[in-house]
Amino acid sequence: MATTPIQVFATPAALGSHVASLVLARIAATARDGRPFLLGCPTGRTPGPVLDALSRQLAAAPRDLSHVVLVMMDEYLVPGARGLDYAPSSEPWSCHHYARAEIAGRLNASLREAQKLRAESIWFPDPADPAAYDARIRDAGGIDLFLLASGASDGHVAFNPPGSPRESRTRIIPLSEETRRDNLLTFPTFGALERVPHHGVSVGIATIIEAREALMLAWGPGKRLTVSRMRAAARYEPDWPATLIHECARGEILVDAEAGAA
């Protein structure tokens, strides 16, 4: 039985408003301390309600995001001149595109230039040297808050598939068919499963667990299985990576009523 706190919200919008308020409060606290705020971010459908709420709250009351660093979880890889390399950032399904358009673009829309999230403060792991990502995070003081999402069909987090060791770090990962099918649902612009890349570079389980705080978000009926698996666990279970939330020093599971239904 899970010991990690679980909050159930009536709707995805209510969940998003709660998380957005929490994120902005944490950002403001680090600004007062005069240090950067490292925010670990997923892409895809799950953070949508949070980004909606952040956009609204920033439009109503602009805040300074100039000290925020987005620590992106992963990116698709495709064959390139140096072997596996980033997917083209022009592709709407690429994580670079998502970070630029759906996160930075939306959050910066209501801010003055001096308040905006900086382009150079959006970090991605480098497939040429994945291990350097963990060192970069550590040298910057560690991740303050990691927003997490779980794959509906196999519990993957970032691109970490079932079987990922707890001690795993940032690395290149072959993507399972389950993960690729989930990603096709997330980004219908792929068009077909064969267009979904077969590899990605991703933070590891240990990279995530070391964050000061982590929030696992799940909404919609398609996430009932992963919420059930997290509820049934008390520690990390490699066959369902989302259970890593139980290993976080300060972790919480936040779901809407549909995802939390028995």
Quiz prompt | Verdict on GLY163 being more than 15 Å from GLY44 (Cβ to Cβ), touching a Pro at 6+ places or on another chain (Cβ under 6 Å), open to solvent by 10 Å² or more (accessible area, probe 1.4 Å) and modelled with pLDDT of 95 or more | solution = yes
Exercise. Go through region 29-47 and give me each residue that's on the phi < 0 side of the Ramachandran plot and either out of contact with any strand residue (DSSP E or B) (no Cβ under 9 Å at 6 or more places or on another chain) or free of Cβ contacts under 8 Å to residues at least 24 places away in the same chain (or both).
Key: ALA29, ARG32, ASP33, ARG35
Practice problem: Please go through region 154-187 and pick out each residue that is in contact (Cβ under 8 Å) with a residue 60 or more places away in the chain and among the hydroxyl-bearing types (Ser, Thr, Tyr). | Solution: SER164, THR186
Quiz item: Quick one: what pairs do we get from region 101-127, first residue without any contact (Cβ under 8 Å) to a residue 12 or more places away in the chain, second surrounded by fewer than 18 Cβ atoms within 10 Å (Cβ to Cβ), C-beta under 9 Å, 6+ apart or different chains?
Solution: ALA101/PRO92
Quiz item: If you go through region 3-45, how many residues are of a type in the set (S, T, N, Q) and surrounded by fewer than 17 Cβ atoms within 10 Å (Cβ to Cβ)?
Solution: 4
Quiz item: So which residues in region 48-79 are in contact (Cβ under 8 Å) with a residue 60 or more places away in the chain and open to solvent by 10 Å² or more (accessible area, probe 1.4 Å), if there are any at all?
Solution: PRO49, VAL69, ASP74, VAL78
Quiz item: So ASP129 clears everything in (1) open to solvent by 10 Å² or more (accessible area, probe 1.4 Å); (2) under 29 Å from LEU58 (Cα atoms); (3) not hydroxyl-bearing (Ser, Thr, Tyr); (4) not in a helix (DSSP H, G or I) except one condition, right? Which one?
Solution: (2)
Practice problem: May I ask you to list the residues in region 188-208 that are open to solvent by 30 Å² or more (accessible area, probe 1.4 Å), in contact (Cβ under 8 Å) with a residue 24 or more places away in the chain and assigned to a loop (DSSP other than H, G, I, E, B)? | Solution: HIS198
Self-check item: Search result, residues across region 226-243 that are touching a Ser or Thr at 6+ places or on another chain (Cβ under 8 Å) and in contact (Cβ under 8 Å) with a residue 40 or more places away in the chain
Solution: THR226, ARG229, MET230, ALA233, ALA234, TYR236, PRO238, TRP240, PRO241, ALA242
Self-check item: Test: ARG82 is within 25 Å of LEU65 (Cα to Cα) and open to solvent by 20 Å² or more (accessible area, probe 1.4 Å)
Solution: no
Practice problem: Could you grab me the full set of residues in region 182-224 that are β-branched (Val, Ile, Thr) and either modelled with pLDDT under 95 or within 16 Å of PRO88 (Cβ to Cβ) (or both)? | Solution: THR186, THR189, VAL196, VAL201
Exercise. Could you check how many residues of region 6-33 are part of a helix (DSSP H, G or I) and among the β-branched types (Val, Ile, Thr)?
Key: 4
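Out of curiosity, is ARG180 part of a helix (DSSP H, G or I), more than 14 Å from the chain's Cα centre (by Cα) and farther than 25 Å from GLU102 by Cβ? Walk me through it before giving the result.
Details: part of a helix (DSSP H, G or I): yes; more than 14 Å from the chain's Cα centre (by Cα): yes; farther than 25 Å from GLU102 by Cβ: no.
In short, no.
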Practice problem: For region 95-126, name all the residues that are assigned to a helix (DSSP H, G or I), out of contact with any strand residue (DSSP E or B) (no Cβ under 9 Å at 6 or more places or on another chain) and open to solvent by 30 Å² or more (accessible area, probe 1.4 Å). | Solution: HIS97, ALA101, GLU102, GLY105, ARG106, GLU113, ALA114, ALA119, GLU120
Quiz prompt | Those residues of region 132-158 which are more than 16 Å from GLU75 (Cβ to Cβ), in a helix (DSSP H, G or I) and acidic (Asp, Glu), in sequence order | solution = ASP139
Practice problem: State the number of residues belonging to region 211-242 that are within 17 Å of MET73 (Cβ to Cβ) and either basic (Lys, Arg) or open to solvent by less than 10 Å² (accessible area, probe 1.4 Å) (or both). | Solution: 10
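The values are calculated or read from the model by the stated rules, or taken from the named source; none is laboratory data. In this text, all values refer to a predicted model and were calculated from it rather than measured experimentally. Glycine also receives a Cβ, built like all others from the backbone with ideal geometry; neighbour counts cover every protein chain displayed. Ligands, DNA and RNA are stripped out before the accessible areas are found, and what is left, the full protein with its side chains, is counted by its heavy atoms. Shrake-Rupley method; radii C 1.70, N 1.55, O 1.52, S 1.80 Å.
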